[in-house]
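Working notes, structure below.
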Amino acid sequence: MSAEASAGSVAAASVPATKSSGWGSEEKGVGGGLAGSKYVKLNVGGSLHYTTVQTLSKEDGLLRSMCNGGAEVTIDSEGWVVLDRCGHHFGLVLNFMRDGSVPLPESHRELEEVLKEAQYYRVQGLVQHCTSAMQKQRDVYEGVCRIPMITSAKEEQRMITTCRKPVVKLQNNRGNNKYSYTSNSDDNLLKNIELFDKLGLRFNGRVLFVKDVLGDEICCWSFYGEGRKIAEVCCTSIVYATEKKQTKVEFPEARIFEETLNILIYENGRGSGPGGVALLESSSPGASQSEEEGASAGDRRVRRIHVRRHIMHDERGHGQQTVYKD
């Protein structure tokens, strides 16, 4: 064989095989790895990264195999090593290769995505790091009963209209009072709050209980089904005493419990139809409290239950004072 023919065969052997790129450029499949290089340009699903062979070789996995020839490397016409993988979390994988540790995302879904990438590149250190973080998330105890706190009227409207469960709202705002309280009002206010907590535990998962501390009412219960108000129980009234007016807070426990049971007919949409309406109308017996019903055209009536308004002593002269109860 001539020297000229021998040189030609060596030159032919040094030219790597080429294959067509999906983007119209030429890509070269290199089987010898990247051991002869110091720096590496990586194109991971369009996400560009620049690093060293030393960094990629730290962990015994796919990236090290690419460097030492254990895995085929695809290089485009501009010298970028092309990896057909989503590059969203590759920077995190690369930083772990550099430092040996990396802050992980708090979102459970993103943590699962990082774990998938770590498993694909066979970076066992990062796999263990992700597995440990996910185990800690599972070990954290989360309460099963949550009571949302309303922060605005817009939030309240969106919460009630989009919730598929019946809704019970307690509006309590003790600081809104402009008169002094009667002797038993503080105790009754606390009893209403305590009943709200007990009902929230008893019907957890079936009814959404929400608190509102921004409204004008001192203590008022509202009951919603299918995105609209069904009933309301107002627990406050004004006492007209001889010298000054006072605010009285009642604790109509039986009525509140009854309305909570009534609202359960709207669970899973069971309140729709004539049967639900008939059940509602037949379940509001006349009690010792007064009821005011308001209705607008085309809407079902909202049962508004208010405690009696007590008019104690009027301010007439001595001997003419009378006690009224309406």
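The values are calculated or read from the model by the stated rules, or taken from the named source; none is laboratory data. None of these values were measured; they are calculated from a predicted model. With ideal geometry, Cβ positions are generated from the backbone for all residues, glycine too; neighbour counts draw on all protein chains shown. Please note that ligands, DNA and RNA were not included when accessible areas were found on the heavy atoms of the full protein model with its side chains. Shrake-Rupley method; radii C 1.70, N 1.55, O 1.52, S 1.80 Å.
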The range 35-78, residues that are open to solvent by 30 Å² or more (accessible area, probe 1.4 Å), in a loop (DSSP other than H, G, I, E, B) and touching a Lys or Arg at 6+ places or on another chain (Cβ under 6 Å)
GLY45, SER57
Hey, among the residues in the range 207-216 that are at pLDDT 90 or above and charged (D, E, K, R), which one's most open to solvent (accessible area, probe 1.4 Å)?
LYS211
Looking at (1) in a loop (DSSP other than H, G, I, E, B); (2) among the β-branched types (Val, Ile, Thr); (3) at pLDDT below 90, which is the one condition that is false for VAL102?
(3)
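Got a number for residues in the range 142-162 being open to solvent by 50 Å² or more (accessible area, probe 1.4 Å) and of a type in the set (A, V, I, L, M)? Outline the logic, then answer.
Looking only at the range 142-162, we keep the residues that are open to solvent by 50 Å² or more (accessible area, probe 1.4 Å), and these are 142, 144, 146-147, 149, 151, 153-154, 157-158, 161-162.
With the extra rule that they be of a type in the set (A, V, I, L, M), the set shrinks to 144, 147, 149, 153.
Count: 4.
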If we ask which residues in the range 115-152 are out of contact with any Gly (no Cβ under 9 Å at 6 or more places or on another chain) and of a type in the set (A, V, I, L, M, F, W, C), their number turns out to be 8
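Farther than 30 Å from GLU217 by Cα, modelled with pLDDT under 95 and touching a helix residue (DSSP H, G or I) at 6+ places or on another chain (Cβ under 9 Å): which single residue out of TYR120, TYR181 fits that description? So that I can check it myself, show each step before the final result.
Working: TYR181 fails: farther than 30 Å from GLU217 by Cα.
Only one candidate qualifies: TYR120.
A quick yes/no check of all residues on (1) modelled with pLDDT under 95; (2) of a type in the set (Asp, Glu); (3) open to solvent by 40 Å² or more (accessible area, probe 1.4 Å); (4) closer than 24 Å to THR161 by Cα:
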{"position": "GLY205", "(1), (2), (3), (4)": "yes, no, yes, yes"}
{"position": "GLY225", "(1), (2), (3), (4)": "yes, no, no, yes"}
{"position": "LYS229", "(1), (2), (3), (4)": "yes, no, yes, yes"}
{"position": "LEU264", "(1), (2), (3), (4)": "yes, no, no, yes"}
{"position": "PRO285", "(1), (2), (3), (4)": "yes, no, yes, no"}
{"position": "ASP299", "(1), (2), (3), (4)": "yes, yes, yes, yes"}
